[in-house]
1. For residues that are small (Gly, Ala, Ser) and buried (at least 19 other Cβ atoms within 10 Å of the Cβ), tally how many sit in the range A:24-40.
2. Scan the range A:42-59 for residues that are farther than 16 Å from A:Asn99 by Cα, assigned to a helix (DSSP H, G or I) and under 12 Å from the mean Cα position of the chain (by Cα) and jot them down.
3. Do we have any residue at all in the range B:86-97 that's away from chain A (no Cβ under 11 Å) and more than 18 Å from A:Ala68 (Cβ to Cβ)?
4. Which is facing another protein chain (nearest Cβ under 8 Å), within 20 Å of A:Ile92 (Cβ to Cβ) and in contact with a Lys or Arg (Cβ under 7 Å, 6 or more places away or on another chain), of B:Asp78, B:Asp66?
5. Kindly check whether there is at least one residue in the range A:74-87 that is in a helix (DSSP H, G or I), among the aliphatic types (A, V, I, L, M), more than 17 Å from the chain's Cα centre (by Cα) and under 19 Å from B:Arg62 (Cβ atoms).
6. Looking at the range B:43-63 only, could you name the residues that are among the charged types (D, E, K, R) and either more than 9 Å from chain A (Cβ to nearest Cβ) or crowded, with 16+ Cβ neighbours inside 10 Å (or both)?
7. Scan the range B:21-41 and tell me whether some residue there is charged (D, E, K, R) and either facing another protein chain (nearest Cβ under 9 Å) or assigned to a helix (DSSP H, G or I) (or both).
8. Could you tell me how many of the residues in the range A:15-41 are more than 12 Å from the chain's Cα centre (by Cα) and small (Gly, Ala, Ser)?
Number of protein chains: 2
Amino acid sequence: MASFTDDTAAIAAQQIDIDETISRLGSKKGVESVTVLTKDGRVIRTTATPEHSEVQGKLLSRLVRDAAEIVEELESQDELSFLRIRTKRHEIMLALDHNYLLVIVQSPQKE
Amino acid sequence: MASFTDDTAAIAAQQIDIDETISRLGSKKGVESVTVLTKDGRVIRTTATPEHSEVQGKLLSRLVRDAAEIVEELESQDELSFLRIRTKRHEIMLALDHNYLLVIVQSPQKE
């Protein structure tokens with residue numbers, strides 16, 4: 001069984017990992033914001049304003065849930081992994097893993 | 001005002017245009033199916049089976065409507081133009097214009 005110290009170190013390492021990833025992605029040219037959400041849309045980390053990221057989290061996590069359901073309805077063995085939304089003003093990339101949802105908003109004009 | 005002949009010719013030209021586009025896209029490597037839908041999910045043309053394209057049309061047009069609503073909720077002046085869904089088995093590309101929805105399903109393994 002892992003000791004208290006091991007667990008704490010593992011959690012700390014994971015947090016540093018998340019922070020580093022967000023900082024690295026957020027510094028890329030054209031990236032407007034980077035947000036990490038739980039699957040149900042709760043904001044864990046964001047480079048956007050808290051207000052915007054909360055709305056974004058709620059709406060985009062709902063869309064991802066709908067898309068995941070549709071993908072499985074179309075083919076039962078299939079599974080959603082990535083969603084890319086191109087709008088007139090932005091490009092929103094949504095990457096899924098088992099527990100989290102990574103949201104990257106890019107401005108295509110700035111690329 | 002356009003004459004009956006002009007209108008008929010315009011419609012015929014448009015149909016040839018749609019057929020040519022579908023045939024061109026459908027012949028590309030890795031493309032599994034190409035479908036043209038009305039915005040409410042009615043199948044106009046497809047290279048898939050009628051059964052599959054009907055289910056696909058219903059589900060994907062609903063997803064596009066949801067995504068379009070979310071994009072406008074996030075920023076009132078913004079508008080959805082393209083949606084790309086990456087799954088374990090396929091890549092589904094959804095291009096929107098004012099009246100139609102173009103659905104291209106690709107198999108990434110075959111690329």
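The values are calculated or read from the model by the stated rules, or taken from the named source; none is laboratory data. Owing to the predicted nature of the structure, the values given are computational and were not obtained by experimental measurement. As a convention, Cβ positions derive from the backbone with ideal geometry for all residues, glycine included, and neighbour counts pool all protein chains shown.
1. Taking the range A:24-40 and keeping what is small (Gly, Ala, Ser), we get A:26-27, A:30, A:33.
This time we only want the ones that are buried (at least 19 other Cβ atoms within 10 Å of the Cβ), so: A:33.
Result for the range A:24-40: 1.
2. Step one: of the range A:42-59, the residues farther than 16 Å from A:Asn99 by Cα are A:46-56, A:59.
When the remaining residues are screened for being assigned to a helix (DSSP H, G or I), the result is A:50-56, A:59.
Within the range A:42-59, A:Ser53, A:Gln56 meet the criteria.
3. Here is the first cut: in the range B:86-97, the ones away from chain A (no Cβ under 11 Å) are B:97.
Now restrict to residues that are more than 18 Å from A:Ala68 (Cβ to Cβ): B:97.
The answer is yes, given that some residue of the range B:86-97 is away from chain A (no Cβ under 11 Å) and more than 18 Å from A:Ala68 (Cβ to Cβ).
4. On the way: B:Asp66 fails: in contact with a Lys or Arg (Cβ under 7 Å, 6 or more places away or on another chain).
Checking each option against the conditions leaves just B:Asp78.
5. Taking the range A:74-87 first, the residues in a helix (DSSP H, G or I) are A:74.
Those still in the list that are among the aliphatic types (A, V, I, L, M) too: A:74.
If we keep only those that are more than 17 Å from the chain's Cα centre (by Cα) as well, we get A:74.
With the extra rule that they be under 19 Å from B:Arg62 (Cβ atoms), the set shrinks to A:74.
Taking every residue of the range A:74-87 in turn, at least one turns out to be in a helix (DSSP H, G or I), among the aliphatic types (A, V, I, L, M), more than 17 Å from the chain's Cα centre (by Cα) and under 19 Å from B:Arg62 (Cβ atoms).
6. Looking only at the range B:43-63, we keep the residues that are among the charged types (D, E, K, R), and these are B:45, B:51, B:54, B:58, B:62.
Hits for the range B:43-63 are B:Arg45, B:Glu51, B:Glu54, B:Lys58.
7. Filtering the range B:21-41 down to residues charged (D, E, K, R) leaves B:24, B:28-29, B:32, B:39-40.
Subsequent filtering for residues that are either facing another protein chain (nearest Cβ under 9 Å) or assigned to a helix (DSSP H, G or I) (or both) retains B:24.
Yes: the range B:21-41 contains one or more residues that are charged (D, E, K, R) and either facing another protein chain (nearest Cβ under 9 Å) or assigned to a helix (DSSP H, G or I) (or both).
8. Here is the first cut: in the range A:15-41, the residues more than 12 Å from the chain's Cα centre (by Cα) are A:15-17, A:19-20, A:23-24, A:26-32.
Remaining after also requiring small (Gly, Ala, Ser): A:23, A:26-27, A:30.
Matching residues across the range A:15-41 total 4.
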